[in-house]
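Student: My questions all concern the structure below.
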Amino acid sequence: MSRSAIVIGGGLAGMLAAAALAPHVDTVTIVERDGLPDGPDPRKGLPQSRHAHILLPSGRDAIEALVPGANIRKRLLAAGAREASLTSLLTFGGEGWF
């Protein structure tokens, strides 16, 4: 009997969920409401897509473990991502500046 999985959402979390499911089922179907842009453009229906994003080293390592050989760091840098130390990061939250 064939086993299948459905993932709702084609963003980063959905794609990683599909990668996690793939070894355990015969087919993974990803359902995404909105069309995906051709390039690194803001996505419709995702208001935070215009915000700055940070991928911590532990997140990068988790992606590498889930998708071996993906070489996430190299691919992100090639696509224009920049590395920064968290000691140089300035944020503002409910408690003030950090």
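No value in this document is a laboratory result; all are computed from the given coordinates. Please read these numbers as outputs of a predicted model, since none were measured by experiment. Don't worry about glycine lacking a Cβ; one is built from the backbone with ideal geometry, like all the others, and counts go over all protein chains shown.
Student: Going by the structure shown, is L21 loosely packed, with under 10 Cβ neighbours inside 10 Å and either part of a helix (DSSP H, G or I) or free of Cβ contacts under 8 Å to residues at least 24 places away in the same chain (or both)?
Tutor: no
Student: Would you check if there is a residue in segment 20-38 being under 17 Å from A79 (Cβ atoms) and among the small types (G, A, S)?
Tutor: No, that holds for no residue.
Student: Here's something else I'd like to know. Are any residues in segment 63-96 of a type in the set (F, W, Y) and closer than 21 Å to A18 by Cβ, and if so, which ones?
Tutor: Hits for segment 63-96: nothing passes.
Student: Related question: Limited to segment 45-98, what total is found for residues that are polar (S, T, N, Q) and not in a helix (DSSP H, G or I)?
Tutor: 3
For (1) more than 13 Å from L12 (Cβ to Cβ); (2) touching a Pro at 6+ places or on another chain (Cβ under 7 Å); (3) surrounded by 10 or more Cβ atoms within 10 Å (Cβ to Cβ), each residue gets a yes or a no:
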{"site": "P57", "(1), (2), (3)": "yes, no, yes"}
{"site": "A62", "(1), (2), (3)": "no, no, yes"}
{"site": "P68", "(1), (2), (3)": "yes, no, no"}
{"site": "I72", "(1), (2), (3)": "no, no, yes"}
{"site": "L76", "(1), (2), (3)": "no, no, yes"}
{"site": "T87", "(1), (2), (3)": "yes, no, no"}
{"site": "G94", "(1), (2), (3)": "yes, no, no"}
{"site": "F98", "(1), (2), (3)": "yes, no, no"}
